[in-house]
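No value in this document is a laboratory result; all are computed from the given coordinates. Values in this document were obtained by computation on a predicted structure and should not be read as measured data. Cβ placement follows ideal geometry from the backbone for every residue including glycine, while neighbour counts extend to all protein chains displayed.
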Amino acid sequence: MKKISLIAVSIVTAATLLTGCASSTGGSADGAKASSGDINVGFLAGLTGWLGPFTKENINSLLLAKEEINEAGGILDGKKINTIDVDTASTVEGAIKGYQKLVNADKAVVAIGPETESMLALLKEAPKSEVPIMSAFAGSTELDEVGGNYAFRTAASDSTIGEVRAKVLIESGVKEIAIMVGNYEGAQSDVHRFKETYEKLGGKILEEVTFNPGQNTYNGELKKIAKANPKLVYYSGGIDTAPSIFKAAKQRGYAWEWYITPDVAVQEFIDVIGKDVAEGIKTIIAMEDENNQAFKRFNENYEARFKAKPSGGYYNANTYDLLIASALAMQAAGEASGSGINEKIREVTNPPGKQVTTFEEGLKELKAGNDIDYQGASGPIDFDEHGNVISTNALMEVVDGQWKQVEFFTADYIKED
């Protein structure tokens, strides 16, 4: 999916909440190091609210990583990982309060899970607290050049995925489209690089309509789109709004094709609007390489552990990789701390070094004094200076009520002529 995102709260609100939480606990830096027992790792995400359908499987993925680490003997001569789930209620305010709980009360060494706006709200606090924030979801272009110091993500930037979407449409002969975009940062970010690349490649935007989440009706916006008579409409918005728009379009007889933001590319969306309405809807989403042996092993272990296959597009492998990489970074640093993770995360995930695909392999090499390059279930995790990675992607389409992969694109696709 892209990057799951919410409507941002103001900087003033964020600063007030952060200050209040820190002062009430006697300072936030105390959370940087874990106790002499288990190492606490936080999962900071919306377990309730609109993010809830996505995060249930992420919790499983984190649990799978934790169990693999602990079964391999843990890190730092036997320290075990303990995961703590903190519900943000799918709000930025909840993420800020939850982060302070993890830092001050739980003494967590890292907070895995924040979506786009929560990452942005916590960017300044994370270095002060020395507890990294790591996201498998956040793809906003606003994070392209501001992370890298206590802020990392295994979700590809909207900049990269936007280029892929634009190129795919142009190459498939779609030279004119209309856009429906939500009036909030996550949706706007999703559209920005796509539009820029699409028009640069010769595409034309016939109409762009902005809508506000929570409207009683979207008929006015749909009428504007219809007047432009597009063959295809690109929808960038949340799953909370999408059902109303897509059902209304169907009822009014609008027969254009749809491309949608990955935020909506989940089975729940199809179930709500019905497979007849959903049939043929497409998206381009960051997707793991099915030929990647680490990804195959992750899928097999997940299914064996939870008696169900992990859903594509939920960033399960990305979440799993963040905990494995964090544990390896702490082992390399020689201490269970957020500062150790921040210092060593690139050393254990980027070349040079011996490529490893499991925690156990990485632990063995580190104990032998060797450098490692962790190749994750989600693919290579080569963090750049701003904490970003490049992902592989897939074209998905709803076929008979299910999301089906139509085409796969390597990380080099946007570099090809």
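If you bin every alpha carbon distance in segment 248-369 into 5 Å steps from zero, what whole percent lands in each bin?
Going out from 0 Å in 5 Å bins, segment 248-369 shows 2, 9, 15, 15, 13, 12, 10, 7, 6, 5, 3, 1, 0, 0 percent.
Between ASN82 and LYS354, what is the spin-label point distance in nm, taking each point 7 Å from the Cα along the Cα→C-beta axis?
3.3 nm
Apply 1/(1 + (r/R0)^6) to the Cβ-Cβ distance of SER172 and LYS128, taking R0 = 51 Å, and write down the FRET efficiency to the nearest 0.05.
Values: r = 47 Å, r/R0 = 0.93.
E between SER172 and LYS128, to the nearest 0.05, is 0.60.
Using only Cα atoms and rounding to the nearest 10 degrees, what angle (0 to 90) does helix 293-306 make with the longest principal axis of the chain?
Rounded to the nearest ten degrees, it is 90.
Suppose every Lys and Arg Cβ carries +1 and every Asp and Glu Cβ carries -1, with no other charges. What dipole size does segment 234-317 come out with about its Cα centre, to the nearest 20 debye? Please report the intermediate quantities before stating the final value.
Values: 10 positive and 12 negative charges, 29 e Å.
Computed about the Cα centre, the dipole is about 140 debye.
Past the 26 Å Cα-Cα mark, which pairs from LYS309/LYS367; LYS56/LYS167; LYS66/LYS296; LYS80/LYS107; LYS56/LYS282; LYS175/LYS227? Don't skip to the end; give the middle numbers.
On the way: LYS309/LYS367 34 Å; LYS56/LYS167 33 Å; LYS66/LYS296 18 Å; LYS80/LYS107 14 Å; LYS56/LYS282 24 Å; LYS175/LYS227 17 Å.
Check vs 26 Å cut-off fails for LYS309/LYS367; LYS56/LYS167.
So if we plug the beta-carbon distance of LYS56 and VAL272 into 1/(1 + (r/R0)^6) with R0 = 22 Å, what FRET efficiency do we get, rounded to 0.05? Each step should come with its number before you reach the end.
Details: r = 17 Å, r/R0 = 0.77.
That gives a FRET efficiency of 0.85.
If you stretched the chain out fully between ASP382 and GLU407, how much longer would it get, using 0.36 nm times the residue separation minus the C-alpha to C-alpha distance?
Working: separation 25, 0.36 × 25 = 9.00 nm, distance 2.39 nm.
Full-extension gain reported as 6.6 nm.
Using the Cα centre of segment 159-279 as the reference point, and only Cβ charges (+1 on K/R, -1 on D/E), how large is the resulting charge dipole? Debye, rounded to the nearest 20.
Working: 15 positive and 17 negative charges, 97 e Å.
In debye, rounded to 20, segment 159-279 gives about 460.
I'd like the projected area of segment 311-417, averaged over all directions, using the convex hull of its alpha carbons. Report it in nm² with one decimal. Present the calculation step by step, with values, prior to reporting the outcome.
Working: hull surface 33.5 nm².
Average projection, Cα convex hull of segment 311-417: 8.4 nm².
From the phi angles alone, apply the Karplus equation (6.51, -1.76, 1.60; θ = phi - 60°) to segment 337-354 and give each ³J(HN,Hα) in whole Hz, x where the residue is Gly or Pro.
Karplus values, whole Hz, x for Gly and Pro: 8, x, 5, x, 4, 4, 6, 10, 4, 6, 5, 8, 10, 9, x, x, x, 6.
What 222 nm value per residue comes from the helices of the chain, counting each DSSP H run with n ≥ 4 as -39,500 (n - 2.57) and dividing by all residues, nearest 500 deg cm²/dmol? Intermediate results must be reported in sequence, preceding the final value.
Details: 15 runs with 169 residues, N = 417.
Using -39500 (n - 2.57) per qualifying helix, the result is -12500 deg cm²/dmol.
Rg(Cα) of segment 159-279 divided by 2.2 N^0.38 Å? Don't skip to the end; give the middle numbers.
Working: Rg = 13.5 Å, N = 121, 2.2 N^0.38 = 13.6 Å.
Taking N as the residue count of segment 159-279, the ratio is 0.99.
So who's got an amide H within less than 5 Å of the one on ILE372, skipping anything under 5 residues away but keeping other chains? H placed 1.01 Å off N, in plane.
Result for ILE372 returns LYS354.
Assuming a viscosity of 1.002 mPa s and a temperature of 20 °C, what translational diffusion coefficient in µm² per second does Stokes-Einstein assign to segment 205-261, Rh being the Kirkwood radius over Cα pairs? If you can, show how the numbers build up before the last one.
Values: Rh = 11.5 Å.
The estimated diffusion coefficient comes to 186 µm²/s.
Hand me the trypsin sites (Lys or Arg not before Pro) from segment 218-259 located in a DSSP loop with no more than 12 other Cβ atoms within 10 Å, in residue order please.
Hits after loop and neighbour filter: ARG252.
For segment 57-118 and segment 286-357, write down the distance between their C-alpha centroids in whole Å.
The two parts, judged by their Cα centres, are 14 Å apart.
Going 7 Å from the Cα of LYS309 in the Cα-to-Cβ direction, what parts of segment 374-417 have a backbone nitrogen less than 19 Å from that spot?
The answer is 377-379, 393-409, whose backbone nitrogens lie closer than 19 Å to the label point.
Under the √(5λ) rule applied to the eigenvalues of the Cα gyration tensor, what semi-axes describe the equivalent ellipsoid of segment 84-220? Give them in Å, descending.
Details: eigenvalues 236, 66, 20 Å².
Semi-axes, largest first: 34, 18, 10 Å.
Taking the dipole about the Cα centre of the chain, with the C-beta of Lys and Arg at +1 and of Asp and Glu at -1, give me whichever of GLY376, GLY73, VAL399 is farthest to the positive side.
Working it through, the farthest residue towards the positive pole turns out to be VAL399.
About its Cα centre, how strong a charge dipole does the chain have in debye, to the nearest 20, once Lys and Arg get +1 and Asp and Glu get -1 at the Cβ? Present the calculation step by step, with values, prior to reporting the outcome.
Working: 41 positive and 59 negative charges, 172 e Å.
The dipole of the chain has a size of about 820 debye.
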